[in-house]
Amino acid sequence: MESATVRFAGDSGDGMQITGGQFTLTTALAGNDLATFPDFPAEIRAPAGTTYGVSAFQINFGARRIKTAGDHLDVLVATNPAALKVNLADVKSAGLVIVDTGQFNDKNLRKAHYDSNPLEDDTLAPYRVLKIDITQLTQDAVETVGVTKKEAVRSKNMWALGLVYWLFGRERAPTIAWLKRKFASKPEVLEANIAALNAGHAFGETSELQHEVAQIDVGPAAIPPGLYRAITGAEALAWGLVAGCEKAALRMVFCSYPITPASSLLHSLAALKSLNILTFQAEDEIAAACAAIGASYAGDMGITSSSGPGVALKTEALGLAIATELPLIVVNSQRAGPSTGMPTKTEQSDLYQAVYGRNADSPLVVLAARAPGDCFDVAVEAVRLATKYMTPVMLLTDGYIANASEPWLIPDLDAIASFPVKRRQDPEGYQPFARNPQTLARDWAVPGTPGLMHRIGGIERDSTSGNISYDPDNHQRMTDLRAAKIEGIANDIPLQEVDQGDLGADLVLVGWGSTYGPISRAVTTMLAEGYNVAHVHLRHIWPLPANLGDILNTYKKILIPEMNHGQLVTLLRDRYLVDAESLAQVNGKPFRVSDLEAAVRARISRKPGLEKKL
Amino acid sequence: MSGPDGIAALQPKDYATDQEVRWCPGCGDYAILKAVQRTLADLAADPAKTVFVSGIGCAARFPYYIATYGFHTIHGRAPAVATGVKLANPELDVWVVMGDGDALSIGGNHLMHCLRRNLDLNMLLFNNEIYGLTKGQYSPTSRAGLRTPSTPMGSIDQPLSAGLFALGVGARFFARGVDTQQKRLPEIFKRAHTHRGASLVEILQNCIVYNDGVFAGITERDVAEDRQVHVQHGEPLIFGKDQDRGLRLNPSTLSLEVVNLGDAGITEADVLRHDEKNRVLATLLAAMEPPTLPVALGVLYCDPTSSYDQSVHTQLDAAKGQAPAGGLQEVMRAGHTWTVEA
Ligand SMILES: Cc1ncc(C[n+]2csc(CCOP(=O)(O)OP(=O)(O)O)c2C)c(N)n1
Ligand code: SF4
């Protein structure tokens, strides 16, 4: 098989995230390319057995480059009725469904709102089904270990994992090593988990099963050589910010207030204190933004992070950073919906907020990461632009990227160019708002420096001295300068490249952020089928790359898939007067590749003879 | 005299900028500015290592008039911005200037957390019991019944006491002064400056335009001595024109009461001595209001403990001592990795 998609689904307490994480690790070690999608309930401890308490972890892996977590499932492991109910619709016809019959009792069926037992009616008719009493078999397997019944049942996720390992011919050793570390202080629990894992694997090997389901072989993928690790977007972002600050020769002061799904960045950075990372959990998002600004004013790299609702609170402080022209990075891990919305679900609907969402004319730089590993590079770029241009930079990521993991070629830090920051030292002729003629950035003069005492603030200031000024011409000049400084950055960022397909194609899909994977996979497939289609993906949202308008004008049709109600489409129409069409999806989930393929088919026709090899 | 780093002694006027001061003529802010400039000169403060951070309001224009580093931020957020400044560089001497609306209304949350965390900031609260800059609406410290453009029938809010707020949220330093008291104010500011940790100084400030005379009942020449008690650590709490009145604890009501020395055998020994490390006493003092009790002025509470910025850097230094030799490169390679062969 070229690739396979597996989802482990069960009750929040069933350890599905751990199971998925272990399967991911083993799969990466087997040389597959992969992408994952953890999907947890919003409730911290939803009542057991309910549909809203279902937690799932999906992984797509293959012998080819993997770009998404997969549309439809080849294998679903459902450890209770609620998990089956919520996830069954995503299984391919004739896909394999593994259920723990031990959990299909009346009580659990009722909680999942099943009128009759789906294992006994024709609910599962379109699929291949393995009905196994995993709960009982796990208890039998760990009987001799001497753990309580509750603890015995808790290791049933390892039993299921053992079976799936058998199914894909995976090694158990990495998981056993991991269990040994995790349960070092609890030898019985360790033994129970290993016994369950082995029992699940043995069940696959020895039972009659082999007549019903064959083992599936997914070979290693051709991926660039080097040292790899699995990485989530939050980790890559944390490390990228650290790397960026090192390249700028600045200490990082990271100020944040907890919010899903942004908190993981705070946690990752708080764990890196040894690298001289100062983290501060503020009393609210406003204080976090203001403290980051204060830190930048005092000469460190101030960074703040939140999700949409928290970024809304930071807005006034962003205006202050724009007005005083201080470097600042604001990370927005986007989540779904206005207000509280759906905190654990993904969306990319804060583009308007990032580009337009402030009072007055207040431009700043907006960047977007496209995948977990890409967060690293975008973070380095954010530090570079913030410090070189003395400007706030909004870095957009989302709940999907933050939590999803992928194999990552660990970068060589020495190969990344440094951009050490020069702070003003010379008092001779110092004017707080005099500018570098190339970048239009003002000098960074930091308290503590002799002879450079000056006053800055949010009130409009003279374009040279920085003293308060209500002069009409000065305000016009300052507004123009603030805009020109940000627009000029277009000349200091890479020209836009076409990711796949040709200039002038019949249709281009233009995306930004985490839609990269599905768009890229869909375009690869459509090119192979002979559709004249292309893919352009934006990292720099504001300013836009200098050549983007010219590129877009070559295409006959422009389609913009976005996980929002059509925001980039507004921006591009406004900027380039192009007839771009929106393909909006806001269901809290990433695009399905098949939906994007269908969208292409609905708009252009195949050109036989043009098939491109994958 | 020479200051730290051998800087030649500066005069108060050397701490003034070339900017024209734009407060209304007669505004109490002028007097406070003068007292701060005097304080800086007395402290031989190095302008390069001194930062004034303010919010928004009349009071918050302050940094433009002080020839140090200055940051005029946004309404209510000065404590939060100052937090970042102090965390980034604990060597800096950071002063925060706020109005009562700035500090206690829109910025109440930040002030609360700044005080309880105990950042080493010198915080000056210019309390004129009114919103000056926005033209005279009532503020959270305005007295009930005050008629303003937004309360034409009189304010029905209960006012907030800056002192009780500060002590309630765990501040380790609270002092109170009056704008016109040019001898006493610099002394209070110097105490605030010496205190390691957050120090809040409330300054009763007259807004001559929108709330003129609001403190007249305390500050008018004929009543001042009877309505003010200047507290001094270790000294008896005595006041009055003839220094013949004292404060005593009434043990049955757990409240302070005024006694006349000489009445029915009452002597100085019956009067409470000020103990600035006693939070309960400070709270009783901060709550005193005329006409039954005098207003307490001076350092009501000062009980230092380690400051937040110190603790942050102690942790950071300890962590840096454990830094992996290979830095970030090593961190990225730790844990599960695998090699893909060419
Ligand atoms: C976010 C925001 N809200 C409201 C204002 C308007 N505003 C400016 S100053 C002020 C109150 C000023 O009163 P106070 O803080 O007591 O200072 P004073 O002017 O009396 O010195 C208000 C409401 C503002 N600048 N920003
Ligand atoms: S309005 Fe009041 S507080 Fe403001 S400057 Fe005038 S007198 Fe001073």
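The values are calculated or read from the model by the stated rules, or taken from the named source; none is laboratory data. Nothing here was measured: the structure is a model prediction, and the numbers come from that model. Neighbour counts run over all protein chains shown; Cβ positions are idealised from the backbone, glycine included. Note: areas computed on protein heavy atoms with side chains; ligands, DNA, RNA excluded. Shrake-Rupley method; radii C 1.70, N 1.55, O 1.52, S 1.80 Å.
Tell me which of these B:V85 doesn't satisfy, since it passes every other one: (1) assigned to a loop (DSSP other than H, G, I, E, B); (2) away from ligand 1 (no atom under 11 Å from the Cβ).
Here B:V85 clears every test but (1).
Conditions tested, residue by residue: (1) within 14 Å of chain A (Cβ to nearest Cβ); (2) within 16 Å of ligand 1 (Cβ to nearest atom); (3) within 26 Å of B:L87 (Cβ to Cβ); (4) in contact with a Gly (Cβ under 7 Å, 6 or more places away or on another chain).
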| residue | (1), (2), (3), (4) |
| --- | --- |
| B:S139 | no, yes, no, yes |
| B:S150 | no, yes, no, no |
| B:S161 | no, yes, no, no |
| B:P186 | no, no, no, no |
| B:N211 | no, yes, no, no |
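Within segment B:85-107, restricting attention to residues that are open to solvent by 10 Å² or more (accessible area, probe 1.4 Å) and more than 9 Å from every other protein chain (Cβ to nearest Cβ), which residue is farthest from ligand 2 (Cβ to nearest atom)?
That would be B:P90.
Anything in segment B:19-33 that is surrounded by fewer than 20 Cβ atoms within 10 Å (Cβ to Cβ) and either over 24 Å from A:G466 (Cα atoms) or of a type in the set (A, V, I, L, M) (or both)? List them, or say none.
B:V21, B:P25, B:G26, B:A31
Kindly indicate whether A:P220 is open to solvent by 10 Å² or more (accessible area, probe 1.4 Å), closer than 29 Å to A:A69 by Cβ and at the interface with chain B (Cβ under 10 Å from one of its Cβ atoms).
Here the answer is yes, as A:P220 does meet what is asked.
Looking only at segment A:417-429, filter to residues that are surrounded by 11 or more Cβ atoms within 10 Å (Cβ to Cβ) and not polar (S, T, N, Q); which one of those is farthest from the other protein chains (Cβ to nearest Cβ)?
Within segment A:417-429, the match that is farthest from the other protein chains (Cβ to nearest Cβ) is A:F419.
Looking at segment B:150-164, can you tell me whether even one residue there is within 15 Å of the chain's Cα centre (by Cα) and either within 16 Å of ligand 2 (Cβ to nearest atom) or in a strand (DSSP E or B) (or both)?
So far as segment B:150-164 goes, no, none of its residues is within 15 Å of the chain's Cα centre (by Cα) and either within 16 Å of ligand 2 (Cβ to nearest atom) or in a strand (DSSP E or B) (or both).
What single numbered condition from (1) open to solvent by 20 Å² or more (accessible area, probe 1.4 Å); (2) in a helix (DSSP H, G or I); (3) in contact with a Lys or Arg (Cβ under 7 Å, 6 or more places away or on another chain); (4) away from ligand 2 (no atom under 14 Å from the Cβ) fails to hold for B:R61?
Status for B:R61: all satisfied but (4).
Report, ordered by the first and then the second residue, all pairs with beta carbons closer than 9 Å, sequence separation of six or more or different chains, a first member in segment B:296-322 that is within 9 Å of another protein chain (Cβ to nearest Cβ), and a second member that is open to solvent by 30 Å² or more (accessible area, probe 1.4 Å) and assigned to a loop (DSSP other than H, G, I, E, B).
B:V312/B:P90; B:H313/B:P90; B:L316/A:N276; B:A319/A:N276; B:K320/A:N276
Please state which one of B:N109, B:N127, B:N122 is in contact (Cβ under 8 Å) with a residue 40 or more places away in the chain, within 16 Å of ligand 1 (Cβ to nearest atom) and among the polar types (S, T, N, Q).
B:N127
Between a first residue in segment B:203-229 that is more than 16 Å from ligand 2 (Cβ to nearest atom) and at pLDDT 95 or above and a second residue that is part of a strand (DSSP E or B) and open to solvent by 40 Å² or more (accessible area, probe 1.4 Å), which pairs have beta carbons less than 9 Å apart while being 6 or more apart in sequence or on different chains?
Within 9 Å, the pairs are B:D226/B:R245; B:V229/B:R245.
So which of A:S296, A:S339, A:S274 is more than 22 Å from A:V446 (Cβ to Cβ) and either more than 7 Å from every other protein chain (Cβ to nearest Cβ) or basic (K, R) (or both)?
Within the list A:S296, A:S339, A:S274, the selection yields A:S339.
Can you tell me which residue among A:T138, A:T175 is within 29 Å of A:F104 (Cβ to Cβ), within 14 Å of chain B (Cβ to nearest Cβ) and either open to solvent by less than 10 Å² (accessible area, probe 1.4 Å) or in contact with a helix residue (DSSP H, G or I) (Cβ under 9 Å, 6 or more places away or on another chain) (or both)?
From the options A:T138, A:T175, the qualifying one is A:T175.
Could we say that A:P432 is without any contact (Cβ under 8 Å) to a residue 40 or more places away in the chain, open to solvent by 50 Å² or more (accessible area, probe 1.4 Å) and either within 10 Å of chain B (Cβ to nearest Cβ) or not acidic (D, E) (or both) here?
No, not satisfied.
Looking at (1) surrounded by fewer than 22 Cβ atoms within 10 Å (Cβ to Cβ); (2) touching a residue at least 12 places away in the same chain (Cβ under 8 Å), can you tell me which one B:I56 breaks?
The failed condition is (1).
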